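Student: First the structure, then my questions, so here it is.
The values are calculated or read from the model by the stated rules, or taken from the named source; none is laboratory data. Predicted, not measured: the structure shown is a model, and the values here were computed from it. A quick note on method: Cβ atoms are made from the backbone with ideal geometry, for glycine too, and the neighbour counts reach across all protein chains shown. Keep in mind that these areas ignore ligands, DNA and RNA; they rest on the heavy atoms of the full protein, side chains included. Shrake-Rupley method; radii C 1.70, N 1.55, O 1.52, S 1.80 Å.
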Amino acid sequence: MGCFFSKRRKAEKESQPEGEEERPKQYSWDQREKVDPKDYMFSGLKDETVGRLPGKVAGQQFLIQDCENCSIYIFDHSATVTIDDCTNCVIFLGPVKGSVFFRNCRDCKCALACQQFRVRDCRKLEVFLCCATQPIIESSTNIKFACFQWYYPELAFQFKDAGLSIFNNTWSNIHDFTPVSGELNWSLLSEDTVVQDHIPLPTTEELKTVRVSTEANRSIVPVSRGQRQKSSDESCLVVLFAGDYTIANARKLIDEMVGKGFFLVQTKEVSMKAEDAQRVFRDKAPDFLPLLSKGPVIALEFNGDGAVEGCQLIVNETFNGTKMFVSESKETAPGDVDSFYNFADIQMGI
């Protein structure tokens, strides 16, 4: 028994004019733009300033290897970035959707944002970091960390393209796979560290066209204190619910609180479930449950004497009519359950 379609194809072939060759079929993967790996690599450079402007990487993987005394600036988002065998280099990386992996590097200073961060067999690195998951070091010494603090006009869109939230930043929660008893292989840079003293702005005419700022109040990523010792026993948790102006409201609240002398400790953006709301909001959970279906919430932890009262005052005066949760208790209150750390246990679901 024959196949109808095979007979039809045979008939079509026989009806084709003699001498005319059959055109090869076109597939979607044949139409993709060809990628030259050399366009996404810096290798074997010495004493050079190089980089990529916004739009020139566009989510590709990038490799930096065997560079010495170089300044390297990637002003775009990438899929993953690997840095191997680099010495005495300054490296800036725009948002990286996946992992950034440093191997066998020394005496380098870096600023970067990524989903995962790992260092292996390195020594003497300074890293201004935004990382969505716990940063990891392995077989490395003298690694110093600070919070990512950077701005240029395209950066916010690049965070979105890389699927990163500016509020999910665990930059100071370091895990050392190979700890040494009695020693600490990593530390935090001083809070008054000046970014440009470590990561100078680019000097070439091409890269200077990117309008960069390292001022804390302009940073795309909120500058937090992280694991540094708190200045007060009093902390305050604020939760902002999804809406048209959630990010703008979070930034405004941070500016107001920091302007009044309080410290931003940490931030987080997550999707909450009903059981999460019960654990965090306690007896107020029924008031907030209907808001959770609108999207992820943003949580901010502030620290400082009078933080709870100060935050409630700002929320009432500046955000009147905007639904927010502000913790009412201090960390030192008897029997109090620390709201932020209940919140911090919620897994990122966005």
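Student: Ranked highest first by the average count of other Cβ atoms within 10 Å around their residues, in what order do 72-79, 42-49 fall?
Tutor: So the order, starting with the most tightly packed, is 72-79, 42-49.
Student: Here is a further query. Dividing the alpha-carbon Rg of the range 200-322 by 2.2 N^0.38 Å yields what? Spell out each step's value before the answer.
Tutor: Numbers: Rg = 17.1 Å, N = 123, 2.2 N^0.38 = 13.7 Å.
Rg over 2.2 N^0.38 Å, computed on Cα atoms: 1.25.
Student: Could you check the spin-label model distance between K252 and N104? Points 7 Å from the Cα along Cα→Cβ, value in nm.
Tutor: Label-label distance for K252 and N104, simple model: 5.3 nm.
Student: Follow-up. Distance check, please: which entries in K56/K160; K97/K268; K160/K268; K56/K144; K260/K323; K273/K323 exceed 20 angstrom between their Cα atoms?
Tutor: Details: K56/K160 17 Å; K97/K268 18 Å; K160/K268 16 Å; K56/K144 30 Å; K260/K323 22 Å; K273/K323 18 Å.
The pairs that break the limit, which is 20 Å between Cα atoms, are K56/K144; K260/K323.
Student: Here is a further query. To the nearest 20 Debye, how big is the dipole of the range 109-216 about its Cα centre, given +1 on the beta carbon of each Lys and Arg and -1 on that of each Asp and Glu? Mind showing how you got there, number by number?
Tutor: Details: 9 positive and 13 negative charges, 36 e Å.
It works out to roughly 180 debye.
Student: Right, something else. Round to a whole angstrom and tell me the spacing of the C-alpha centers of the range 250-275 and the range 293-307.
Tutor: Comparing the Cα centres of the range 250-275 and the range 293-307, I get a distance of 4 Å.
Student: Just to confirm, what accessible area per residue do you get for the range 98-246 at 1.4 Å probe, in whole Å²? Let's see the in-between values first.
Tutor: Working: 6810 Å² over 149 residues.
Each residue of the range 98-246 exposes 46 Å² on average to a 1.4 Å probe.
Student: Now, a different point. Evaluate the charge dipole of the range 154-288 about its Cα centre and quote only its size in Debye, nearest 20, assuming +1 on the Cβ of each Lys and Arg and -1 on the Cβ of each Asp and Glu. Don't jump to the answer; show the numbers that get you there.
Tutor: Working: 15 positive and 20 negative charges, 60 e Å.
It comes to approximately 280 debye.
Student: By per-residue mean of other Cβ atoms within 10 Å, what is the highest-first order of 298-309, 189-200? Kindly include the intermediate steps, with their values, before the conclusion.
Tutor: On the way: 298-309: 21.8, 189-200: 13.7.
The densest-packed peptide leads the list: 298-309, 189-200.
Student: What is the range 210-281 by shape, rounded, prolate or oblate, if you read a ≥ b ≥ c off the alpha carbon gyration tensor as root eigenvalues and call it rounded for a/c under 1.5, prolate for a/b larger than b/c, and oblate otherwise?
Tutor: Details: a/c = 2.07, a/b = 1.29, b/c = 1.60.
It comes out oblate by the Cα gyration axes.
Student: With Cβ to Cβ distances under 13 Å as the rule, what net charge do the other residues near L93 carry (K, R +1; D, E -1)?
Tutor: On the way: positive: R52, K97, K109; negative: D76.
Net charge around L93: +2.
Student: Between beta-carbons, use under 14 Å as the cut-off and find the net charge around R228, counting Lys and Arg +1, Asp and Glu -1.
Tutor: Working: positive: K144, R225, K230; negative: E191, D192, E301.
With Lys, Arg at +1 and Asp, Glu at -1, the net is 0.
Student: Let me ask something else. Take the Cα coordinates of the range 65-165, assign each an equal point scatterer, and use the Debye formula without solvent to give log10 I(q)/I(0) at q = 0.16, 0.21, 0.23 Å⁻¹.
Tutor: The computed values of log10 I(q)/I(0) come out as -0.60, -1.04, -1.24.
Student: Which of C108, G98, L125 sits closest to the plus end of the dipole of the range 42-135, meaning its Cα is farthest towards the positive end, when Lys and Arg get +1 and Asp and Glu get -1 on the C-beta?
Tutor: It is G98, whose Cα lies furthest towards the positive end.
Student: Order these peptides, 235-244, 208-217, by their mean beta-carbon neighbour count within 10 angstrom, highest first. The partial results should precede the final answer.
Tutor: Details: 235-244: 21.1, 208-217: 14.3.
Put in order of decreasing packing, that is 235-244, 208-217.
Student: How far apart, in nm, are two points set 7 Å out from the Cα along the Cα-to-Cβ line at F157 and at E138?
Tutor: Computed distance between label sites F157 and E138 equals 3.7 nm.
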